[in-house]
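J.: Quick one: structure below, then a few questions.
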Amino acid sequence: QVQVVESGGGLVQTGGSLRLSCAASGSIFSINAMGWYRQAPGKQRELVASITSTLSTKYADSVKGRFTISRDNAKNTVDLQMNSLKPEDTAVYFCVVRNSYNVEYWGQGTQVTVSS
């Protein structure tokens, strides 16, 4: 059984910072990519940032320069440091883990709310 658990969401004012963490455990086999998606009310889920096992990163244009993704391969964890938060960053943030067989495992999501 695989578990993907996010933590670190919450309420913050515009310009503030939050750090999201995600831990994967169980029979995942070899983890390849890890990443974060978000979904705002009435909008489609979108990729925020991803990172491969070789630490190659990708960011959505809307978060470049503000968000930083990092991972610990030994611990199967991935973090998302979010700075200079904007109201439009308000969403449920989901952690996703993809193994070498391209099987994806998703967390339950954590709410991030940025007040103006």
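J.: Kindly write out, for segment 83-99 in residue order, the coupling ³J(HN,Hα) from the Karplus curve 6.51 cos²θ - 1.76 cosθ + 1.60 (θ = phi - 60°), rounded to whole Hz, with x marking Gly and Pro.
T.: Once rounded to whole Hz, the list reads 10, 6, 5, 10, x, 6, 7, 4, 4, 8, 9, 10, 8, 9, 10, 10, 8.
J.: Spelling out what I want: for every residue of segment 48-60, take phi, set θ = phi - 60°, compute 6.51 cos²θ - 1.76 cosθ + 1.60 (Karplus), and round to whole Hz; glycine and proline get x.
T.: Ordered by residue, 3J(HN,Hα) equals 9, 7, 9, 8, 8, 5, 9, 6, 7, 10, 9, 10, 5 Hz.
J.: Would you please name the trypsin sites (Lys or Arg not before Pro) within segment 33-116 that are DSSP coil residues with at most 15 other C-beta atoms within 10 Å of their C-beta?
T.: When the trypsin sites (Lys or Arg not before Pro) of segment 33-116 are filtered for loop state and at most 15 Cβ neighbours within 10 Å, K43, R45, K64, R66, K75 remain.
J.: Here is a follow-up. Output wanted: per-residue J couplings in Hz (rounded whole) for segment 29-35, from phi through Karplus 6.51 cos²θ - 1.76 cosθ + 1.60, θ = phi - 60°, x for Gly and Pro.
T.: 6, 7, 7, 9, 9, 10, x
J.: With just the Cα atoms of the chain, tell me how far they stretch along each of the three principal axes, in Å, largest first.
T.: That gives 42, 25, 23 Å along the principal axes, largest extent first.
J.: Can you pull the percent of segment 26-116's accessible area that's carbon plus sulfur, 1.4 Å probe, other chains left in place? Could the numbers behind the result be given before it?
T.: Values: 2290 of 4910 Å².
The C+S portion of the solvent-accessible surface of segment 26-116 is 47 percent.
J.: Contact order normalised by length for segment 40-88, with contacts defined as Cα pairs under 8 Å and 6 or more residues apart; what percent is it? Intermediate results must be reported in sequence, preceding the final value.
T.: Values: 46 pairs, mean separation 12.6, N = 49.
Answer for segment 40-88 is 26 percent.
J.: May I pose another question? Report, for the chain, the % of DSSP beta bridges that are antiparallel, rounded to 5.
T.: Details: 40 of 44 bridges.
Beta bridges within the chain, antiparallel portion: roughly 90 percent.
J.: How high is the relative contact order of the chain, given as a whole-number percent (alpha carbon pairs under 8 Å, six or more residues apart)?
T.: Working: 290 pairs, mean separation 42.3, N = 116.
Averaging sequence separation for qualifying contacts and normalising by length gives 36 percent for the chain.
J.: Further, regarding this structure: FRET efficiency for R66 and Q44, Cβ-Cβ distance as r, R0 = 22 Å, nearest 0.05?
T.: Numbers: r = 21 Å, r/R0 = 0.95.
Taking R0 as 22 Å, the efficiency between R66 and Q44 is 0.60.
J.: Around A33, what is the net charge, scoring Lys/Arg as +1 and Asp/Glu as -1 over all other residues with Cβ under 10 Å from its Cβ? Spell out each step's value before the answer.
T.: On the way: positive: K58, R71, R98; negative: E104.
Here the charged neighbours net out to +2.
The values are calculated or read from the model by the stated rules, or taken from the named source; none is laboratory data. What you see is a predicted model; the values in this text were computed from it and never measured. Methodologically, a virtual Cβ is constructed for each residue, glycine included, from the backbone with ideal geometry; neighbour enumeration extends over all protein chains shown. SASA here: full protein model, heavy atoms, side chains in, ligands and nucleic acids out. Shrake-Rupley method; radii C 1.70, N 1.55, O 1.52, S 1.80 Å.
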